[in-house]
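The next block holds one structure in the form of structure tokens; read it before the comments.
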Amino acid sequence: METMPIPESQQQALVSRLMKSCGGSYTPQTRRKYFISGPQWAAAYQGQALFHAPTRPAIGFEEIIQKYAEIGIGYWTTHDTDVIPTEAIGTEVQAEIVGRIKKVLADNGVECSMVTTETFHHAVWAAGPAAEASGVREYAKYRVRNTVDIGHELGASFAVYWPGSLGYYVQGAIDETDSLRWYAGAINAACDRDIEVAKQKGRPTLKHCLEAKPFEPQAEILLPTSDAMLAFIASGLLTHPEMVGLNPEYLHELMWGGAPRAVLARALLAGKLFHFDINDGYRLKHDVDIGVGLVNPLDWLNVLVLLRSHGYQGPFNLDYKPPRTTSAFGVFEVSFPTAVDRFITLWEIAGEVMTDPIIKEATDALKAGGPAAADPHDAEALTKANRELLTLHELIAHRLVQILLGLHRGRVFSIV
Ligand code: GLO
Ligand code: MG
Ligand code: MG
């Protein structure tokens, strides 16, 4: 039998009822225990893209912060121009807006954890934030310094830099070494300003986090991966490399074909994992920014096992885009609560992985290895000594899937 058409007036109720039927949601109090931040731009995203018209109306920070608070997202992040029109940057209008934001945050018990400068969208960035024209570069410095001021004013601890259009469409028109030097100049200006303001305000300096993305909006990007960013931080171009680290984004690393977990491991080893944009998507495709865990839950579980094992507790920034099929109502009814809840669930499952006796015994056995060979240079004997233990790699992988699917708790499927 076909389902009868659902009148418009009943559609939201249907969505809400099915959401309830899904079960498994955490309370806002529980959600607030995690260092999860909701970006202004994620909730305000209207569904537009190069070939896509918006599907949702515009929405301001007042409503977004209030909705985040209701859901239990305790932190909020923003670009300067998400909330301040470009022409009002640095004016009294900015001060007035920042004042209003402070009040809305305080009224809702939400904190601003991170601020970021939009250096990619406006036409002034057509040649990137490190353009040949020194006027544009000075303007970039002004903008990042101003964002540092806003960050301190709002009580943020992190500043993120995604140098979107630091790259090119056509080859040979720029000298990459110049562009990189100039880009470093902007980061240095932000750090210098930060030291000054932090001193004035008696606050710690911000953690400055570079975010890489391999392509888009430009065809070729000068700092396409988190590893390139690490090399940039260590290049000698930065005057305060100790203040600068990474904000890797899960999908950005997947986009170039990297293994996000290995990227995070390299950032951890370098002591540079400052901030983490969480989302999901596909290898070698467009930056679709799907909600965390909807595409690669097993990989996400493994990512969180790594982070938990090495003491990284956040921030976890929900830098995803509610799909354009989701309505304005659905953004806060389904999209944000479910993204947060999948994250929390995967985080807690990661805890189970870490204490699972089978994984533990298998891992310990692999590390113990087989008996020492009489001749430590005898490759054949070494191979034989460890031969059977190595099967445990596949056993561990199987166990991880069992834990992800709840099979370790007795969930079974069989055809009787
Ligand atoms: C775009 C980026 C963008 C950054 C943001 C923070 O693909 O992920 O959302 O995270 O500009 O600087
Ligand atoms: Mg992205
Ligand atoms: Mg991002």
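The values are calculated or read from the model by the stated rules, or taken from the named source; none is laboratory data. Everything numeric here is computed off the predicted structure, so don't read it as measured data. So basically every Cβ, Gly included, is an ideal-geometry build from the backbone, and we count neighbours across all protein chains shown. In case anyone asks, the SASA skips ligands and DNA or RNA and just uses the protein heavy atoms, side chains included. Shrake-Rupley method; radii C 1.70, N 1.55, O 1.52, S 1.80 Å.
Restricting the search to strands (runs of 3 or more DSSP E) fully inside region 30-138 and requiring at least 1 residues that are touching a residue at least 40 places away in the same chain (Cβ under 8 Å) and open to solvent by 50 Å² or more (accessible area, probe 1.4 Å) gives 75-79, 111-116.
Restricting region 162-179 to residues that are surrounded by fewer than 18 Cβ atoms within 10 Å (Cβ to Cβ) and of a type in the set (G, A, S), which is farthest from Q94 (Cα to Cα)? Among those that are surrounded by fewer than 18 Cβ atoms within 10 Å (Cβ to Cβ) and of a type in the set (G, A, S), it is G172. Listed by position, the helices (runs of 4 or more DSSP H) contained in region 267-378 that have at least 1 residues being farther than 30 Å from V15 by Cα, away from ligand 3 (no atom under 16 Å from the Cβ) and in contact (Cβ under 8 Å) with a residue 60 or more places away in the chain are 297-309.
The rows are residues; the columns are (1) modelled with pLDDT under 95; (2) part of a helix (DSSP H, G or I); (3) crowded, with 18+ Cβ neighbours inside 10 Å.
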{"site": "V160", "(1), (2), (3)": "no, no, yes"}
{"site": "R181", "(1), (2), (3)": "no, yes, no"}
{"site": "N188", "(1), (2), (3)": "no, yes, yes"}
{"site": "R193", "(1), (2), (3)": "no, yes, yes"}
{"site": "K199", "(1), (2), (3)": "no, yes, no"}
{"site": "E216", "(1), (2), (3)": "yes, no, no"}
{"site": "F232", "(1), (2), (3)": "no, yes, yes"}
{"site": "T239", "(1), (2), (3)": "no, no, no"}
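Of the residues screened, E361 is one that is on the phi < 0 side of the Ramachandran plot, open to solvent by 70 Å² or more (accessible area, probe 1.4 Å), of a type in the set (D, E) and at pLDDT 95 or above. When V160 is tested against (1) within 16 Å of ligand 2 (Cβ to nearest atom); (2) within 16 Å of L223 (Cα to Cα); (3) out of contact with any Cys (no Cβ under 7 Å at 6 or more places or on another chain), only condition (3) is not met. Kindly establish whether A328 is within 21 Å of the chain's Cα centre (by Cα), open to solvent by less than 60 Å² (accessible area, probe 1.4 Å), assigned by TED's automatic domain parsing to the domain that holds G47 and closer than 30 Å to A44 by Cβ. Answer is no for this residue. Candidates V292, V288, V303: the one that is touching a Phe, Trp or Tyr at 6+ places or on another chain (Cβ under 9 Å), away from ligand 2 (no atom under 13 Å from the Cβ) and of a type in the set (A, V, I, L, M, F, W, C) is V303. The one condition from (1) in contact with a strand residue (DSSP E or B) (Cβ under 9 Å, 6 or more places away or on another chain); (2) closer than 28 Å to A131 by Cα that A49 does not meet is (1).
Of the residues making up region 391-416, those that are farther than 30 Å from W347 by Cβ and not hydroxyl-bearing (S, T, Y) are I415, V416.
All of P297, P315 fail the test of being modelled with pLDDT of 95 or more and within 16 Å of ligand 1 (Cβ to nearest atom), apart from P315.
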